Every structure is written in structure tokens, then in C-alpha cells.
Amino acid sequence: MQDPHPINRRNFVKLGAAAGAAMLVPATRASGAEAAALPDLPYPFDALEPHIDARTMEIHHGKHHAGYVAKLNAALESAPDLAKMETAALLAALPSVSDEALRTTLRNNGGGHWNHSFFWKSMTPAAKSGVPSAALTSALGAAFGSVDEFRTVFSDASGKRFGSGWAWLIHKDGKLKVTSTPNQDNPLMKGIVADEDLGTPLLGIDVWEHAYYLHYQNRRADYVTAWWNVVNWAEVSSRFEAAAKAS
Ligand code: MN
């Protein structure tokens, strides 16, 4: 069984008799901001089988993502102003963090938290994967030639990312583009990633080995091919429509 709130639970301490009553309070920041929390997966660990195996999902969510959340919260203990921000806003504000060690920790773990929260919602059981909306199909056609050609460009970017990182479909200035970032960087990190890689993320794939190694070992291309079966096109289409409306 999946523990629904492992991080929430870990970040709360039970006050003893000195506090007058046994109550749960956040063991976090003086600012009153809520700690970052590990979101539940929107489906069971085995829901993406056979394309992504249950054990990989369990470790990826419960260990890797949980680790980013714990380290992010630990780093924010010393930065109450930053702790008040939504994660996306925090990532966009990274260049204003003058302490280099803190900035790096926030970049890696804030990025890790945002990226994985986005990634879980980008997937759904294969039976529900669906197809891009008419508007997104048209935009993908305009940018890449067709949905199939978009998949080829995106898969190529996933394969070419050296080492650990992500490939993205982004919306920027009314246009769609495929980009790739190393480690836990993402298209929201203004002043950190190259300007041409900035935009509103619509879809992202994690190509860290921890995302596929148990089942696919070194065969990243096989993982990417299988991953297309579990893309949540309703979610990606809705992100596209929101981004198009906002631009
Ligand atoms: Mn990952």
C-alpha cells in the first residue's frame, strides 16, 4: 500500500506535555509558510505497467522525489522569505539568491520537486492516454509538421541529453518548441538555464537512469518509446490551452 502522505507526516512533530496538549504542528519554518509536500501519485504504482514497472514508480516517487522534498524543506529552514513562495516562483527567483550553496541546493531540490510533481501528472494508464486535443494537434503540426514528427524530435532530444536530465515540450511566445535541460533544471529557471530553453512546460520526460534502469537497464531509447504509451494527453492539452490563453 502506498503511504498517502509520507512527507507530510515526517514534517510534523508531536508536541509534548510542555505545549499543553498533544497537537500536530509543522516542524518547519517560522514564516508560517507550509512546507513543500510530496504529492500523491494520481494512480497506483502498477498503473503504468508494463511500460513503467511498479517497483520503479515506488522508488522513484517514495525515495527520489521524497528526497528532493525533504532536502528542499531543510534548505528553506534558513530562508524564510523564499519559503513563502510557490515552488515555480522560487525557481524563477533563483538568480536573486546570493548564497551560492543555498542557490545550488534550491536549484537541484526545488527543481527536482517541481519536475517530478509535473511528471506524475504528465502520465496516466495507457488505456487513458488518449490523443492531443484538436488545438494542440494543430499547434504541433504547425511547429513540427505533425504529431508523429513532434514525437521524433522529442524522443531525439531525450536520447541526446547526456547524463541525467529532462526533455521538454514548451510553449513560448505563442510557439511550441522542444528543449532539454541537465540534472533537475527546467524551463522555468530564468537566469539559470539558457534563454532559448525558457518557456511554459507542457510535457517533460525524466531521463535520469533512476526513471528506467530497473526495467530497461541502459536502454533509454526503449524506455522513451514505451513512455509514449502512458502520456496523459488530456493533461498536456489542457496545459497547452492555458498557456495559449495566457500568451
Ligand atoms: Mn526522477
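The values are calculated or read from the model by the stated rules, or taken from the named source; none is laboratory data. Quick caveat: nothing in here was measured; it's all calculated off a predicted structure. Glycine gets a Cβ as well: all are built from the backbone with ideal geometry, and neighbour counts include every protein chain shown. In case anyone asks, the SASA skips ligands and DNA or RNA and just uses the protein heavy atoms, side chains included. Shrake-Rupley method; radii C 1.70, N 1.55, O 1.52, S 1.80 Å.
For region 158-181 versus region 99-142, the spacing of their alpha-carbon centroids is 10 Å.
Other residues with beta-carbon under 11 Å from the beta-carbon of V97 carry, at +1 per Lys or Arg and -1 per Asp or Glu, a net charge of -1.
Rg then Dmax, both in Å and based on the Cα atoms of region 126-246: 14.0, 41.
Once the convex hull of the alpha carbons of region 183-240 is built, what does its volume come to per residue, in cubic angstrom?
Working: hull volume 5.7 nm³, N = 58.
Dividing the Cα hull volume of region 183-240 by its residues yields 97 Å³.
For the set F162, F45, the ranking by accessible area, highest first and with no ligand, DNA or RNA atoms included, is F162, F45 under a 1.4 Å probe. Its residue count N sets the reference 2.2 N^0.38 Å, and the alpha-carbon radius of gyration of region 44-181 equals 1.22 times that reference. Within the set of other residues whose C-beta is less than 14 Å from the C-beta of A221, count the net charge using Lys and Arg as +1 and Asp and Glu as -1. Computed value for this residue: +2.
For E149, the solvent-accessible surface computed with a 1.4 Å probe is close to 100 Å², ligands and nucleic acids excluded.
Solvent-accessible area of the chain (1.4 angstrom probe, protein heavy atoms only): carbon and sulfur portion equals 55 percent. Fully extending the segment from K190 to S96, taken as 0.36 nm per residue of separation minus the present Cα-Cα distance, adds 32.8 nm.
For every helix of n ≥ 4 consecutive DSSP H residues, a contribution of -39,500 (n - 2.57) applies; sum these over the chain, divide by its total residues, and give [θ] at 222 nm rounded to the nearest 500 deg cm²/dmol.
Working: 11 runs with 105 residues, N = 247.
Rounded to the nearest 500, it is -12500 deg cm²/dmol.
Kirkwood Rh, Cα Rg: Rg to Rh for the chain? Walk me through the numbers before you get to the answer.
Working: Rg = 18.9 Å, Rh = 19.1 Å.
Rg divided by Rh gives 0.99.
Surface calculation, 1.4 Å probe, protein heavy atoms: Y43 sits at approximately 20 Å² accessible. Between A127 and D222, the distance separating the two model label sites (each 7 Å from Cα on the Cα→Cβ line) works out to 2.6 nm. Post the alpha-carbon centroid distance, region 219-247 to region 46-97, in whole angstrom. With region 219-247 and region 46-97 each reduced to a Cα centre, they are spaced 20 Å.
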